[in-house]
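Have a look at the structure below before the remarks.
Each reported figure results from applying straightforward, stated rules to the coordinates on display, with no laboratory input. Note that the structure is a prediction, hence the values are computed from the model and not measured. Every residue, glycine as well, gets a Cβ built from its backbone with ideal geometry; the counts of neighbours run over all protein chains shown.
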Amino acid sequence: MAPLRTGSNAPPAVPENGPAPRSSALAARATHASRTYGAGDTAVTALDNLDLDLPAGRFTAIMGPSGSGKSTLMHCLAGLDTLTSGRVFVGTTDLASLSDRDRTILRRDRLGFVFQSFNLLPTLTAEENITLPADLAGRAVDPAWFDTVVAKLNLGDRLRHRPAELSGGQQQRVAVGRALISKPEVVFADEPTGALDSKASAELLTFLRSVVDDLGQTVLMVTHDPGAAAYADRVVFLVDGRIVRELADPTKDRVLDIMGRLGG
Ligand code: ADP
Ligand code: MG
């Protein structure tokens, strides 16, 4: 364990007008994570002894060429797939310590998911789609949190609409609302802007950004889009199942530059 920091070893104080100090807690973590599919000559190593910390209250993007292990990493962190070796934690919970049933409950209660294709139920209104996870779990929705999320996503005047009556960007905001309704410890977003035009993408990313900054949520996003990755606090670059670069406070140009060097 690291010694307690005291006296002159203490970290510098945050300047009075500086940003609020970020929590140092980890929302999720992978250690020595490997995932191999198949066996023998045809075995594929999708994750190769990878270590990743996801700090709580931050927005992390994952980039990398097709087949580099982005989806596998996200699925293993979310308990949708299991590692061949290594460990994955959500908070302090080791996912391998859970039964299949308890992993399912953890996903439902502690994680949120946003997909490229929205995955809303067409017969339900926006409000019903947002509250669906809680309704299915037989849990009451916290009305104050519901109002906060709806206001943050600017969906107040869309709650009675069905998905077909909403734009793609609005539908994806409903999907983000659904992901947030359980106050998850991590929101996993797999190419959330992949089906949106550039204007709707920029809006959605601005909303995701504010969900992190204003509501303290933790977001992990897979994206191919350097402009999208630039909304994150940090970009992690995967090649062949390994983290080969990390970039803090990314800009689109710096992401493009690194992608060029990595041959992504
Ligand atoms: P990415 O999301 O970065 O495109 P993936 O995580 O989907 O990459 O895949 C990483 C590697 O693992 C690829 O070579 C892929 O073919 C392989 N792979 C992923 N899932 C499976 C699976 N269920 N069975 C066999 N191989 C898989
Ligand atoms: Mg993928």
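Below is a table of values for the structure above.
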item	result
Highest average packing first - 130-140, 36-46, 86-96, 64-74, Cβ atoms within 10 Å	64-74, 86-96, 130-140, 36-46
Mean separation of Cα contacts under 8 Å (6+ apart) over length of the stretch 25-262, as relative contact order %	28 percent
Positive-end extreme of charge dipole, the chain - chosen from Ser198, Val222, Gln116 (charges on Cβ)	Val222
Within the chain, helix-based [θ] at 222 nm, where runs of 4 or more DSSP H residues each add -39,500 (n - 2.57), nearest 500	-10000 deg cm²/dmol
Distance from the stretch 65-141 to the stretch 211-264 (C-alpha centre basis), Å	21 Å
